[in-house]
Amino acid sequence: MPPPVFRFAPSPNGFLHLGHALSALINADLARASGGWLLLRIEDIDAARCRPEFEAAIYEDLAWLGVDWEKPVRRQSEHFSDYRAALDKLDAMGLVYPSFESRAEIAMMVAGREARGPWPRDPDGVPHYPGAAKMLPASERARRMASGEPYALRLDMQSACAQVGPLTWEKSGDGPNGETGTITADPAAWGDVILARKDTPASYHLAVVVDDAAQGVTDVVRGHDLFHATSVHRLLQALLGLPQPRYRHHRLVLDDDGRKLSKSTSATGLRELRASGLEPADIRRAIGLA
């Protein structure tokens with residue numbers, strides 16, 4: 001049996017913090033203990049926010065922590081054609097449609113729907129898409145896209161689920177809910193998810209399944225905040241004929257207010273902790289690793 005393949009996949013849109021350290025070290029420890037490989041992927045699709053200095057800092061911080069990875073590093077910005085091919089395959093199956101409403105317009109539509117009663121929301125609390133864009137004639141879709149109008153490419157969730165039928169995925173690990181074994185997937189809970197935008201070649205959902213398959217990842221080990229998203233990923237794997245990895249969702253590192261550490265909330269970076277005199281062993285203790 002070939003050795004297991006793990007991966008750590010940060011975005012270079014800020015400096016790594018303790019939450020990243022936990023995920024990177026868990027993956028590195030599991031790869032080492034199993035005689036497997038650890039891959040590094042740079043998720044830099046968002047060109048507006050990703051910067052070379054942040055990517056350089058990722059390599060520096062991981063090396064300081066003692067994390068080794070296989071070469072070469074996969075950078076998403078070098079593989080846009082892979083995501084386009086996946087989108088084209090889903091489109092040929094009749095499962096992709098463009099929506100043209102702005103975020104503000106969608107919020108107004110949701111507010112109108114909720115005035116009449118509850119409107120479904122996904123596991124992250126985001127309202128399902130409320131519009132009727134999938135009912136637009138193909139000629140009207142093509143005309144509006146060709147005119148340069150902004151759009152989001154969405155998955156027709158109802159049709160997609162009907163094509164593949166019931167799905168499950170295998171989970172192990174130490175997530176706070178303790179779920180292990182065979183998990184029943186519920187992709188419909190997410191509504192018609194976005195797969196790409198006019199100016200973004202792939203959403204996280206689409207890119208992650210394409211990348212994991214391309215890199216031969218056998219074991220996806222990531223934070224418990226992505227537990228429910230795994231249902232969407234299993235659906236896309238089934239539709240695209242991609243292999244199913246094993247999944248493990250680990251606990252999160254929380255701040256004093258009980259929130260997940262985030263770059264957007266200016267969580268203290270590893271480089272700052274290093275500059276303050278901390279050593280890698282101190283980082284391990286701080287995040288509860290032996």
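Considered as a group, the residues in segment 222-243 that are within 17 Å of T168 (Cα to Cα) and not in a helix (DSSP H, G or I) include one that is farthest from the chain's Cα centre (by Cα), and that residue is G241. L289 meets each of the listed conditions (1) in the same structural domain as T184 (by TED's automatic domain parsing); (2) surrounded by fewer than 19 Cβ atoms within 10 Å (Cβ to Cβ); (3) of a type outside the set (D, E, K, R) apart from (1). Confirm whether A196 is more than 14 Å from the chain's Cα centre (by Cα) and either outside the structural domain of E70 (by TED's automatic domain parsing) or surrounded by 19 or more Cβ atoms within 10 Å (Cβ to Cβ) (or both). Considered against the rule, which asks whether it is more than 14 Å from the chain's Cα centre (by Cα) and either outside the structural domain of E70 (by TED's automatic domain parsing) or surrounded by 19 or more Cβ atoms within 10 Å (Cβ to Cβ) (or both), A196 comes out as no.
Within segment 1-18, restricting attention to residues that are within 21 Å of V208 (Cβ to Cβ), in contact with an Asp or Glu (Cβ under 8 Å, 6 or more places away or on another chain) and in contact (Cβ under 8 Å) with a residue 60 or more places away in the chain, the residue that is surrounded by the fewest Cβ atoms within 10 Å (Cβ to Cβ) is N13.
Filtering segment 35-59 to residues that are loosely packed, with under 14 Cβ neighbours inside 10 Å and either touching a residue at least 60 places away in the same chain (Cβ under 8 Å) or in contact with a Pro (Cβ under 9 Å, 6 or more places away or on another chain) (or both) leaves G35, R49, P52, E53, A56.
Identify, from the list V96, V110, V126, V73, the residue that is in contact with a Lys or Arg (Cβ under 8 Å, 6 or more places away or on another chain), surrounded by 12 or more Cβ atoms within 10 Å (Cβ to Cβ), free of Cβ contacts under 8 Å to residues at least 40 places away in the same chain and within 29 Å of R49 (Cα to Cα). Just a single option satisfies the conditions, and that option is V73.
The values are calculated or read from the model by the stated rules, or taken from the named source; none is laboratory data. Small disclaimer: the values here were computed from a predicted structure and weren't measured. We place every Cβ from the backbone using ideal geometry, glycine too, and count neighbours over all the protein chains shown.
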